[in-house]
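The values are calculated or read from the model by the stated rules, or taken from the named source; none is laboratory data. Worth saying up front: this structure is predicted, and the values here are computed from it rather than measured. Glycine also receives a Cβ, built like all others from the backbone with ideal geometry; neighbour counts cover every protein chain displayed. Just the protein is used for accessible areas: all its heavy atoms, side chains included, with ligands, DNA and RNA removed. Shrake-Rupley method; radii C 1.70, N 1.55, O 1.52, S 1.80 Å.
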Amino acid sequence: MMKNTPPPPQTTHTRATRNNLVIGRVTVIHSRITIRGPAIIGDHSDIEPNTYISPYTTIGDRIRAREDL
């Protein structure tokens, strides 16, 4: 029996812009997160599982998001 493991986190290596989101360089986006844009996530940040980022949120560089923002 296989365990239901989440997919590996996604890491951006260059600044990405799409769907009213700006995601910084070397930022890790884990599974099971919700981002409602427009939103900006800075460089070298880590968005952990089960995180909700609300519209018009700006997250700075080198931030670890663990709870709803």
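Filtering region 35-66 to residues that are more than 15 Å from Val22 (Cβ to Cβ) and out of contact with any Ser or Thr (no Cβ under 8 Å at 6 or more places or on another chain) leaves Glu48, Asn50, Ser54.
Sub-9 Å Cβ pairs linking a first residue in region 39-61 that is without any contact (Cβ under 8 Å) to a residue 12 or more places away in the chain to a second residue that is in a strand (DSSP E or B) and open to solvent by less than 80 Å² (accessible area, probe 1.4 Å), at least 6 apart or interchain, number zero.
Here region 21-69 is the region considered, the condition is being of a type in the set (Asp, Glu), assigned to a loop (DSSP other than H, G, I, E, B) and in contact with a strand residue (DSSP E or B) (Cβ under 7 Å, 6 or more places away or on another chain), and the residue that is surrounded by the fewest Cβ atoms within 10 Å (Cβ to Cβ) is Asp68.
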